[in-house]
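Undergrad: My structure is below; once you've seen it, I'll send some questions.
The values are calculated or read from the model by the stated rules, or taken from the named source; none is laboratory data. Only a predicted model underlies this, so the values are computations on that prediction, with no experimental measurement involved. All Cβ positions, even for glycine, are placed from backbone atoms using ideal geometry, and neighbour counts span all protein chains on display.
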2 protein chains.
Amino acid sequence: MENITLKRMAEVLGLSISTVSRALKNHPDISASTKKRVHEIAAFLDYEPNINAINLRSKKNRVLGLIVPTISIFFYDSFISAIEEECRKNDYTLLILQSGNDPGIEINNLSICRQNRVSGLFVCLATNSVNMKAFDKFKEADIPLVFFDKVPLGKGYNKVCIPDEKAAKLAVESLLKKNKKKLLAVLGNKSHSITRKRLQSIKKTISSKKGIEIFIEHCNSHTEAKNITRQYFSKKTIPDAIFCMSDEILIGVMKSLNELKIEIPAQTSVIALSDGFLPKFYTPEITYIETSGYKLGKLAFIRMLNCLDGKVEPVEIFTDSPMFKGESL
Amino acid sequence: MENITLKRMAEVLGLSISTVSRALKNHPDISASTKKRVHEIAAFLDYEPNINAINLRSKKNRVLGLIVPTISIFFYDSFISAIEEECRKNDYTLLILQSGNDPGIEINNLSICRQNRVSGLFVCLATNSVNMKAFDKFKEADIPLVFFDKVPLGKGYNKVCIPDEKAAKLAVESLLKKNKKKLLAVLGNKSHSITRKRLQSIKKTISSKKGIEIFIEHCNSHTEAKNITRQYFSKKTIPDAIFCMSDEILIGVMKSLNELKIEIPAQTSVIALSDGFLPKFYTPEITYIETSGYKLGKLAFIRMLNCLDGKVEPVEIFTDSPMFKGESL
DNA sequence: TATATTTATGCAAAGGTTTGCGGAACTGTT
DNA sequence: AACAGTTCCGCAAACCTTTGCATAAATATA
């Protein structure tokens, strides 16, 4: 089926292309009657402007890139969901790419983004991304970069983050308030910025109190989290509280506790940083500090719009992270 | 920063645009030495072809659309993950849009897809989509449509599906084999094609057996599933098995069973159709028939490529759906 | 040496849209 | 009747790439 273009409609109506174009945009130069005719034929023929021509002409692509380790994991999916919503509302097209946590693929994805002339880019770094050179090229090209979740170290980047320190502090304080003395903290990959921040905050919060024993463990998957938990809870004296850094870790931890028939909170308390979906499906429901991918997405998008508007000074901003009380403390 | 174009490189090298273009594509007309010079400068300047110009010129967009009720839910996220992988491998750009189960937004999304001149479109219908007219326009325009999961009724569409009948049958048979007599089947929205198919298969499977009691319930969320389950399990005589049509339902059902401290499988058995992620995190692990979004995505993509290759006769194809045994029967 | 062939490159058009500028055709003013 | 001011519309260029065709230079053939 032939594509409907301005040219085609111009022919049909006996007008010039420019007149048709202006009529569709309600340009004041065009008479009301002509506008009416043009709009009618456009509706009748289901005219849709060719976005490639528009982009080419305007040298601006209303496309935003989004690079994420994987789509199908808690947090990222809700982040993406928020970004998609906003893109749709703001007439942006969203180009989603997965890195699979592979820095090589990540570089490739950046190339795809440049080919697609993205106007801006959301990035959650792969675990081992350390060389920021490929990202810096975007900055040089004045393409805004907004990092989220796994963000780079340096000062010169836009970062939209969970308030890691605050959230971890809140969680640990809640445990201390319940007089817990022997804590197990299960954290994610050491090299992640979020892991470092959360760990640091935990240590700092503990340090002001006396007589608290804490075990710090790192893991890369729910399976590892499960195994670690089993080790600790197969002993005679078990921790009286567990801090889970993420949903993925919570899953592993809970699996172990359930298998070992550890009663929550009678034998041990559980608190997690979580997107909020999972904790409600355990019994008892798990108390958690919300780390909402959806909220983070909304925030990241606002920051992106600001960047696109010219506010390019890199900033670091945070979502709120309220506590939701379950029955697990 | 100025954009690097063929023209720019041609100026730098003192060549014509066409020569540069051909050199980059290793056209035999161009001398080896010229090719070398061109490739070098292209690499040096980080040249990336302008995809809009290419698309405009070729009248073909390597863009695939994907419309889904929501990204952040089991099954869809893994479906999307599979599609993204394949798009990346095959040099397609993926345009993901959420309908929020709203037929109005769905129509809008179709319009966005047409603006973006998608070459093909994956669709999971919104709950209440009944008017296929907007979709049929794509068929008229020879833009392949591949429906998945929630598919339309008629014959004339490509459908990539879970083998609903087979999977439901397998699940129910497993329950019957364990001598279960009083079944609760919790299903999703009545108007979904998948619900109808699964229900029909359940009834048929039961009908050949004598003395089986079955309760059919429909719901639209895990909350509803939870409430329904509570009703059934607060009575004196409780069902001795539950069939959960999806992960979302499984979540609600399990929440109720856990709250009521119903022992699985001692007091009641549980079986589900599931993407496979959740069942492993319950204790005991839930036996499930796999309905893999990831596999479905891979299959859908293959079908899409075939369509784009000209094999346009609409077909209905199915993934496999093996059973994974947990301890819940 | 004159002609035919090969090799290497350039010209120009097309794809669809936007927009500055110019220009008819009118309306209204002296 | 001569002029200025409106109103409405069209021309053409630009955005970047690809590609059929033409052309110039170099080589081979007679």
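Undergrad: Applying the selection to region A:68-111, what residues are surrounded by fewer than 23 Cβ atoms within 10 Å (Cβ to Cβ) and of a type in the set (A, V, I, L, M)?
TA: Scanning region A:68-111 gives A:I73, A:A82, A:L94, A:I105, A:I107, A:L110.
Undergrad: Does region B:281-293 contain any residue that is more than 14 Å from every other protein chain (Cβ to nearest Cβ), touching a residue at least 12 places away in the same chain (Cβ under 8 Å) and in a loop (DSSP other than H, G, I, E, B)?
TA: Yes: one or more hits.
Undergrad: Here's a follow-up. Yes or no: B:N108 more than 22 Å from B:N306 (Cα to Cα) and either touching a Pro at 6+ places or on another chain (Cβ under 8 Å) or in a loop (DSSP other than H, G, I, E, B) (or both)?
TA: no
Undergrad: Do we find that A:E263 is in a loop (DSSP other than H, G, I, E, B), within 29 Å of B:E327 (Cα to Cα) and of a type in the set (D, E, K, R) in this structure?
TA: For A:E263, the condition - in a loop (DSSP other than H, G, I, E, B), within 29 Å of B:E327 (Cα to Cα) and of a type in the set (D, E, K, R) - is met.
Undergrad: Out of all the residues in region A:6-15, which are within 8 Å of DNA strand C (Cβ to nearest atom) and surrounded by fewer than 16 Cβ atoms within 10 Å (Cβ to Cβ)?
TA: A:K7
Undergrad: Are any of the residues in region B:95-116 hydroxyl-bearing (S, T, Y), within 9 Å of chain A (Cβ to nearest Cβ) and within 16 Å of DNA strand C (Cβ to nearest atom)?
TA: yes
Undergrad: Could you grab the pairs with beta carbons closer than 9 Å, sequence gap of 6+ or different chains, first residue in region A:20-41 and more than 14 Å from A:M9 (Cβ to Cβ), second one within 7 Å of DNA strand D (Cβ to nearest atom) and assigned to a loop (DSSP other than H, G, I, E, B)?
TA: Cβ pairs passing all conditions: none.
Undergrad: Quick one: which residue in B:S274, B:S292, B:S269, B:S246 is at negative phi and touching a Phe, Trp or Tyr at 6+ places or on another chain (Cβ under 7 Å)?
TA: None of the others qualify; the one that does is B:S274.
Undergrad: Of the residues B:F277, B:F318, B:F233, which single one is aromatic (F, W, Y), away from chain A (no Cβ under 11 Å) and touching a residue at least 40 places away in the same chain (Cβ under 8 Å)?
TA: Within the list B:F277, B:F318, B:F233, the selection yields B:F318.
Undergrad: Would region A:192-199 turn up any residue that is under 21 Å from A:S328 (Cα atoms) and aliphatic (A, V, I, L, M)?
TA: There is no residue in region A:192-199 that is under 21 Å from A:S328 (Cα atoms) and aliphatic (A, V, I, L, M).
Undergrad: Would you list the strands (runs of 3 or more DSSP E) that sit entirely within region A:112-181 and hold 1 or more residues that are surrounded by fewer than 17 Cβ atoms within 10 Å (Cβ to Cβ)?
TA: No strands (runs of 3 or more DSSP E) qualify here.
Undergrad: Does B:N61 satisfy the criteria of being under 26 Å from B:P152 (Cβ atoms), at pLDDT below 95 and within 14 Å of DNA strand D (Cβ to nearest atom)?
TA: So B:N61 fits the description; yes.
Undergrad: Considering only residues of region A:64-79 that are in a loop (DSSP other than H, G, I, E, B) and not hydroxyl-bearing (S, T, Y), which is nearest to the chain's Cα centre (by Cα)?
TA: Here the answer is A:F75.
Undergrad: Go through region A:37-79 and report how many residues are closer than 21 Å to A:S221 by Cβ, facing chain B (nearest Cβ under 7 Å) and β-branched (V, I, T).
TA: Matching residues across region A:37-79 total 2.
Undergrad: Oh, and also: Please tell me if A:L299 is surrounded by 17 or more Cβ atoms within 10 Å (Cβ to Cβ) and in a helix (DSSP H, G or I).
TA: yes
Undergrad: Counting just the residues of region A:29-49 that are in a loop (DSSP other than H, G, I, E, B) and within 9 Å of DNA strand D (Cβ to nearest atom), which one comes out surrounded by the fewest Cβ atoms within 10 Å (Cβ to Cβ)?
TA: Ranking the qualifying residues of region A:29-49, first place goes to A:D29.
Undergrad: Right, something else. Being within 16 Å of DNA strand C (Cβ to nearest atom), within 25 Å of A:E85 (Cα to Cα) and part of a loop (DSSP other than H, G, I, E, B) narrows it down to one of B:N26, B:N61, B:N3, B:N52, so name that one.
TA: Only one candidate qualifies: B:N61.
Undergrad: Let me ask something additional. Which one of these is free of Cβ contacts under 8 Å to residues at least 60 places away in the same chain, part of a loop (DSSP other than H, G, I, E, B) and touching a Gly at 6+ places or on another chain (Cβ under 9 Å): A:N227, A:N220?
TA: Checking each option against the conditions leaves just A:N220.
Undergrad: Separate question: Check whether at least one residue in region A:147-163 is under 17 Å from A:V63 (Cβ atoms) and more than 8 Å from chain B (Cβ to nearest Cβ), and report yes or no.
TA: No, the conditions are met nowhere in region A:147-163.
Undergrad: Since A:L250 meets every condition but one in (1) facing another protein chain (nearest Cβ under 9 Å); (2) closer than 20 Å to A:I162 by Cα, which condition does it not meet?
TA: Failing condition for A:L250: (1).
Undergrad: Here's something else I'd like to know. Quick test for you: out of B:K190, B:K197, pick the one residue that is in contact with a His (Cβ under 6 Å, 6 or more places away or on another chain) and without any contact (Cβ under 8 Å) to a residue 40 or more places away in the chain.
TA: So the residue among B:K190, B:K197 that is in contact with a His (Cβ under 6 Å, 6 or more places away or on another chain) and without any contact (Cβ under 8 Å) to a residue 40 or more places away in the chain is B:K190.
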